[in-house]
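This report refers to the structure that appears directly beneath it.
A short reminder: the numbers here are calculations on the coordinates, not readings from a lab. The model shown is predicted, which means the values in this text are computed figures rather than measured ones. Virtual Cβ from ideal backbone geometry, glycine too; neighbours counted across all protein chains shown.
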Amino acid sequence: MQHLEQALSSWRAALGPDYVITDRAALLAAQTATFATAQQVPAIICPASREELQACVRIANTFKVPIYPVSRGKNWGYGSRVPTHDGCVIVDLGRLNRILDYDEQLAYVTIEPGVTPRQLFEYLREQGSNLFMSVNGSTPEASLIGNMVERGTGTGPNGDRFMHACALEVVLPTGEFIHTGLERFANAKAARVNRWGVGPALDGLFTQSNLGIVTRLTIWLSPIPEYIQVFNLSIKQHCALEELIDAIRALKRRGLMRTPFSIWNDYKRLSVRQQYPWEQAGADVPLPAAFLESWRQKTREGVWSAGGALYHPSRKHGLIERDLIVRALKDKVDTLFFIDEAKIQFDKRLWGFLQRVTGRKPGFNPETLKNSRFLGVPSARNIASAYWRKRTPVPPAMDPDRDRCGTIWCSPAVPFEGKSVAEAVKIITDTVTAHTFEPNISLLCMSERSIHTIVAIMYDREVAGEDDRAMACHDDLIQRLARSGYIPYRLGVQSMQSLPPPQDDYLALIKRIKRALDPNDILAPGRYDFRDAWEADEG
Ligand SMILES: Cc1cc2nc3c(=O)[nH]c(=O)nc-3n(C[C@H](O)[C@H](O)[C@H](O)COP(=O)(O)OP(=O)(O)OC[C@H]3O[C@@H](n4cnc5c(N)ncnc54)[C@H](O)[C@@H]3O)c2cc1C
């Protein structure tokens with residue numbers, strides 16, 4: 001305690017008193033996630049530069065006070081701002097929010113951890129840029145770097161975000177700092193465009209780890225293509241999923257439907273459109289099958305459906321790819337259609353005419369593709385699904401932590417093959433339904449080899465006992481999936497010890513690296529270091 005007081009006064013001297021927060025309400029908010037946690041946060045410190053951060057880290061070492069970095073702290077469903085261990089001071093990096101470099105020709109930006117998808121989008125618009133950063137389902141106010149260091153994902157050309165990042169600047173747990181790749185050479189002209197540099201590639205060490213604090217990195221952007229079209233497909237029978245997955249993999253292997261996109265089940269689609277239908281379902285949970293069935297019929301939704309964009313150098317290329325996709329999928333799906341800018345404009349004119357004659361409103365979303373998420377316009381649309389089981393309406397300014405929305409993710413990686421996906425989906429459906437939650441599933445087709453199967457356990461934290469029931473469901477699900485070989489690609493703060501033991505010396509290596517880089521164990525103890533399974537020290 002005395003050490004903490006000394007550290008706080010040193011941090012106040014380094015940052016100014018306004019940037020060392022010990023206000024009770026702020027700390028309670030920082031201790032709140034979208035599931036139950038018990039970790040206490042004694043303070044929040046807010047450096048504004050890499051140099052201030054280095055000073056903060058050195059102070060943490062001097063007084064042996066553990067710290068835990070967050071960039072925007074929107075890690076909803078995986079722990080929000082709550083540290084993995086009790087008693088960590090949060091280092092809020094939101095004030096490091098500059099876009100430091102931008103190159104239109106080489107298509108990259110260099111950013112700090114506080115930069116959000118919205119900020120980057122607005123910046124690119126202001127520059128009149130022809131580049132975009134593909135978006136994901138989280139909030140436009142999240143951190144691009146926070147998401148990338150978790151190896152978070154999205155759809156579109158840069159959907160595997162960390163694959164398109166390089167030149168990290170990292171403050172080490174001792175307070176020193178390094179660059180990855182070629183950026184360590186002051187005059188390296190290719191530092192921001194050559195990913196691996198020369199020598200051991202260190203970038204991966206600073207994702208899903210507690211070995212450094214990333215203070216900047218370069219992200220590669222995509223040029224807005226000459227021609228973009230959006231596809232929509234659906235199947236009406238669960239048994240058709242296996243064949244569909246194999247057919248999509250075959251297309252991807254041929255270089256078609258290349259960028260990541262998601263296939264959603266009906267529960268997932270319903271949860272982003274509306275809240276739980278308490279009036280129709282009464283107190284029944286999980287959602288009665290009859291309701292889902294009648295919703296599908298009314299909306300002509302399938303049991304699984306996908307929407308994604310295809311990016312082409314010309315319309316000619318686009319039409320050829322469309323034709324190949326139609327030929328490959330037409331017997332595997334119940335609906336398949338494509339939308340491009342010309343079709344949107346045609347439909348608009350048609351509907352304008354019909355509306356004048358019949359008074360009926362258009363049944364399509366009259367946005368242009370240029371203003372859509374497919375070209376990087378960030379949207380908070382999916383966050384509404386966190387309010388699925390709430391009995392109060394979704395507020396205009398959504399904050400799942402504040403509003404006690406229950407959300408827990410479970411995200412196993414699955415091979416891109418029908419039989420594996422069907423097996424994982426069956427385990428998920430059986431387990432989650434048995435625990436009286438809805439099997440809300442998204443199959444994120446990351447590459448031609450692997451799918452991130454993302455399950456959301458959504459509930460209302462206001463309902464007594466629901467926190468415990470939801471976590472029991474999540475823990476059961478992780479165990480059952482792992483027993484069948486489906487290991488999560490990302491973990492919540494509560495689940496760092498949920499994985500099966502490794503078959504090699506992985507843990508001994510992680511322990512050795514952590515001890516070497518962080519001798520005082522001050523940086524995010526327990527975050528992805530699996531320390532509870534470390535062997536005890538000798539002597
Ligand atoms: C409805 C819904 C939809 C979602 N959709 C998606 C989605 O499509 N894809 C997706 O990936 N996630 C999704 N999420 C999860 C989450 O909201 C995002 O991953 C979000 O980007 C994480 O918050 P953040 O970016 O503010 O990162 P932060 O919360 O700031 O950081 C995440 C973690 O990374 C570590 N960290 C942060 N900054 C640093 C740093 N500079 N150096 C070292 N370590 C650091 C910390 O441990 C921190 O806890 C979704 C959540 C909800 C509720």
Could you calculate the contour length gain from Ala380 to Leu4, that is, 0.36 nm times the residue separation minus the distance between their Cα atoms, to one decimal place in nm? 131.6 nm
I want to verify the translational diffusion coefficient of region 1-45 in µm²/s; compute it with Stokes-Einstein, Rh as the Kirkwood radius over Cα pairs, at 20 °C and 1.002 mPa s. 188
Starting from the Cα gyration tensor of region 228-386, take the square roots of the eigenvalues, sort them a ≥ b ≥ c, and report rounded, prolate or oblate (rounded when a/c is under 1.5, otherwise prolate if a/b is larger than b/c, else oblate). oblate
Under a plain spin-label model, where a point goes 7 Å from the Cα along Cα-to-Cβ, how far apart in nm are Arg151 and Lys330? 4.0
Past 20 Å, Cα to Cα, is the threshold; run Lys236/Lys332; Lys236/Lys316; Lys268/Lys390; Lys252/Lys330; Lys236/Lys343; Lys298/Lys330 against it and keep the listed order. Lys236/Lys316; Lys236/Lys343; Lys298/Lys330
Amide proton proximity set for Trp304, modelled H, under 5 Å, gap of 5+: Ile235
Determine the percent antiparallel among the DSSP beta bridges restricted to the chain, to the nearest 5. 90
To the nearest 0.05, how large is the calculated FRET efficiency for Glu243 and Ser294 if R₀ is 25 Å and r is the Cβ-Cβ distance? 0.40
Assigned charges on the beta-carbon of Lys, Arg, Asp, Glu; the chain dipole about Cα centre (debye): 1820
Using a 7 Å offset from the Cα along the Cα-to-Cβ direction at both Gln355 and Ala413, what is the distance between the two label points in nm, to one decimal? 4.7
Gain upon complete extension [Tyr506, Asp284; 0.36 nm per residue less C-alpha separation]: 75.4 nm
Hey, could you pull the Cα Rg and Dmax for region 4-123, both in Å? 15.6, 50
Computed over the Cα atoms of region 395-476, what is the convex hull's projected area averaged over all directions, in nm²? 6.2
Please find the FRET efficiency linking Gln479 to Asp347, where r is the Cβ-Cβ separation and R0 is fixed at 56 Å, and quote it to the nearest 0.05. 0.70
Fewest to most neighbouring Cβ within 10 Å: what's the order for Met458, Met471? Met471, Met458
Per residue and in cubic angstrom, what volume does the convex hull of the Cα atoms of region 160-295 have? 219
From the helices alone, meaning DSSP H stretches of at least four residues, give me the mean residue ellipticity at 222 nm for the chain, per-run term -39500 (n - 2.57), in deg cm²/dmol to the nearest 500. -9500 deg cm²/dmol
With Kirkwood's inverse mean 1/r over C-alpha pairs for Rh, give me the Rg to Rh ratio of region 98-200, two decimals please. 0.96
Near the amide H of Asn440, under 5 Å away, which other amide H atoms are found, from residues 5 or more places off or on another chain, if H is placed in the peptide plane? Ala456
Interchain or long-range residues, amide H under 5 Å from Gly406's placed H: Tyr459, Asp460, Arg461
In whole angstrom, and with the biggest value first, how far do the Cα coordinates of region 345-492 range along each principal axis? 59, 41, 27
Linear extension gain, Asn371 paired with Val198, 0.36 nm per residue minus alpha-carbon span: 58.3 nm
Rg and Dmax of the chain, using alpha carbons, in Å: what are they? 24.0, 87
Computed from every Cα-Cα pair in region 77-118, P(r) in 5 Å bins starting at 0 and rounded to whole percents is 6, 17, 18, 18, 15, 11, 8, 5, 2, 0
How far apart, in nanometres, would the label points at Ile513 and Thr62 be if each is projected 7 angstrom from Cα along the Cα-to-Cβ direction? 3.0
Total formal charge among the other residues, if their Cβ is under 10 angstrom from that of Val170, Lys/Arg +1 and Asp/Glu -1: -1
Rounded if a/c is under 1.5, else prolate if a/b beats b/c, else oblate: with a ≥ b ≥ c from the C-alpha gyration tensor eigenvalues square-rooted, which is region 413-530? oblate
